[in-house]
Amino acid sequence: MARRHQPAAAEALEEIEGAADRLGDWLEEHLRIVIAVIAGVLLIAGLGAWFVSSRESAQQEGSAALSKVRADYLSAMGASPGALEVPELANPEAAARINGEYEERFAGVAERYAGTVAGTLAAIEAAKLAHPEGGLEASRVHLEKALENAPRDPAVRGMLLQQLAQDLEAAGQWDEAAPRHLQTAELHGYPLHGWALADAARTTAQAGDSEGALALYDRLEAEAPEIRLPDPQRAHVRELRARLASR
């Protein structure tokens, strides 16, 4: 019986895997918006409260430096005052030149204010500009270095790990992206930790480990039952269960 349905199952699996890819793009796009909001909250909501009083001055200086570089970058890219999104320049060479210049400036803020929230956020900005223009490794250097010095606050570390996982996904390195998503999921103080667990399950499946992916989906259902996965991902879970049950 299983053999007769094998071609249809394979065709359905291809459709589901395609849907999973599209889902990954959708999640990445929307997670960037959520992460941007979290970053804004972190900058606004009393940075000095997370650290001893001796570091309050560094926090404030770092926040001001980051805001200045961010505003200069938006202006250089032709964005209107107060804009949140970076417009896409018609001239790719000009965009690459500006991105390279501001990657260095953000990296400078990250280095000068290492260990602060502002320094960590600057490292994330530098990583975004480094990838894909400078390749995954260039982006990774910024993020890994920031992880070494970042505050222990789970919201901050979660953003770093999430960005690193997304870069690895963009490079098709599912077997490395999945553990990073799982690391993020372990940070229960990170607002998106439940979704990070869903991402860990999705990328584990894309790395070829169906059993591991299903175990993570079972864990997600037990730990975060309030999360409702999009229909394509739920269909993918059902397909995984059916495939493993037919073995």
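The values are calculated or read from the model by the stated rules, or taken from the named source; none is laboratory data. It should be emphasised that the depicted structure is a prediction, and the values quoted were computed from it without experimental measurement. Every residue, glycine as well, gets a Cβ built from its backbone with ideal geometry; the counts of neighbours run over all protein chains shown. The area values use the complete protein model at the heavy-atom level, side chains included, leaving out ligands, DNA and RNA. Shrake-Rupley method; radii C 1.70, N 1.55, O 1.52, S 1.80 Å.
Key figures
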{"quantity": "Residue that is farther than 21 Å from GLN173 by Cα, at pLDDT below 95, open to solvent by less than 40 Å² (accessible area, probe 1.4 Å) and in contact with a Gly (Cβ under 9 Å, 6 or more places away or on another chain), where the choices are ALA235, ALA224", "calculated": "ALA224"}
{"quantity": "Verdict on ALA200 being open to solvent by less than 10 Å² (accessible area, probe 1.4 Å) and in contact with a Pro (Cβ under 9 Å, 6 or more places away or on another chain)", "calculated": "yes"}
{"quantity": "Conditions (1) surrounded by 19 or more Cβ atoms within 10 Å (Cβ to Cβ); (2) free of Cβ contacts under 8 Å to residues at least 24 places away in the same chain: number failed by ALA245", "calculated": "(1)"}
{"quantity": "Candidates PHE51, PHE106 - the one that is open to solvent by less than 50 Å² (accessible area, probe 1.4 Å), within 28 Å of GLU148 (Cα to Cα) and at pLDDT below 95", "calculated": "PHE51"}
{"quantity": "Residue match in the stretch 198-220 (condition: in contact with a His (Cβ under 7 Å, 6 or more places away or on another chain) and closer than 23 Å to ALA126 by Cα)", "calculated": "no"}
{"quantity": "Checking ALA79 against (1) farther than 19 Å from ALA127 by Cα; (2) of a type outside the set (S, T, N, Q); (3) open to solvent by 30 Å² or more (accessible area, probe 1.4 Å), the condition it does not meet", "calculated": "(3)"}
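Per-residue answers, yes or no, for (1) open to solvent by less than 10 Å² (accessible area, probe 1.4 Å); (2) outside any loop (DSSP other than H, G, I, E, B); (3) modelled with pLDDT of 90 or more:
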site: HIS142; (1), (2), (3): no, yes, yes
site: GLU148; (1), (2), (3): no, yes, yes
site: TYR190; (1), (2), (3): yes, no, yes
site: GLY208; (1), (2), (3): no, no, yes
